[in-house]
């Protein structure tokens, strides 16, 4: 990754993303001069300025927003919508580790120039999310138990950690998804060869991990 002078790392106040803390800790070491933003509800992209060169977001997302901190009612607030995301992220390099950030980027790119990015697809990291997906498909991860969910979360966190470190080593944004895919492939082999799970549980985990890596979107100008 190139040397950035102004980096904003966004990590909302939300206990449901506590499993991402190892990534935040690593980012603090990799980018010691970065601004760490724990946005208050209703702040809508605060700390992202005209001088910001890279935004790294860790948290929840939908195709229409990046979610902010929980409000007083325990509901997720909006950190960046389509409109203010199109404005604030215009011309900024972005790494959005959030569900559906691939769809979110596609929408804001209609009005924003973003040429360097890494985004992700759907990542079911809690039972609420899994049950929501089961409303659409009753067989979605039907053999999953807590052990499998925790393993999945561990794999995606470990792979992203390694991805960021590789991005620094190779001086390349593209080095991030390439390393993520490498680590995920290793974990898929581990599931197949070493995990003492049933065949359906192994198949569902392999499918989920393959889906995770296949839905990563990235670009970096030559």
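Readers should treat all values here as calculations from the given coordinates under stated rules, not as data from a laboratory. Note that this is a predicted model, so its numbers are computed, not measured. No Cβ is skipped: glycine too gets one built from the backbone with ideal geometry, and neighbour counts run over all protein chains shown.
Points to keep in mind about this one:
- Screening residue 153 on (1) over 15 Å from residue 205 (Cα atoms); (2) in contact with a helix residue (DSSP H, G or I) (Cβ under 7 Å, 6 or more places away or on another chain) shows it passes everything except condition (1).
- Among the residues here, residue 102 does not qualify as in contact (Cβ under 8 Å) with a residue 12 or more places away in the chain, within 25 Å of residue 129 (Cβ to Cβ) and surrounded by fewer than 21 Cβ atoms within 10 Å (Cβ to Cβ).
- Annotation note: of 164, 120, 140, 144, the sole residue that is touching a residue at least 40 places away in the same chain (Cβ under 8 Å) and farther than 18 Å from residue 216 by Cβ is 144.
- Evaluating residue 57 against the criteria (1) surrounded by fewer than 21 Cβ atoms within 10 Å (Cβ to Cβ); (2) under 15 Å from the mean Cα position of the chain (by Cα) leaves one unmet condition, (1).
- Residue check, residue 142 within 16 Å of the chain's Cα centre (by Cα) and surrounded by fewer than 18 Cβ atoms within 10 Å (Cβ to Cβ): no
- In the stretch 196-211, of all residues being without any contact (Cβ under 8 Å) to a residue 12 or more places away in the chain and farther than 18 Å from residue 124 by Cα, the one that is surrounded by the fewest Cβ atoms within 10 Å (Cβ to Cβ) corresponds to 196.
- Checking each residue in the stretch 169-195 for being surrounded by 15 or more Cβ atoms within 10 Å (Cβ to Cβ) and more than 30 Å from residue 3 (Cβ to Cβ) picks out 187, 188, 191, 195.
- Members of the stretch 1-48 found to be more than 24 Å from residue 165 (Cβ to Cβ), touching a residue at least 40 places away in the same chain (Cβ under 8 Å) and over 18 Å from the mean Cα position of the chain (by Cα), listed by number: 44, 48
- Among the residues of the stretch 212-222, those that are closer than 18 Å to residue 159 by Cβ and surrounded by 12 or more Cβ atoms within 10 Å (Cβ to Cβ) comprise 212, 213, 215, 216, 217, 218.
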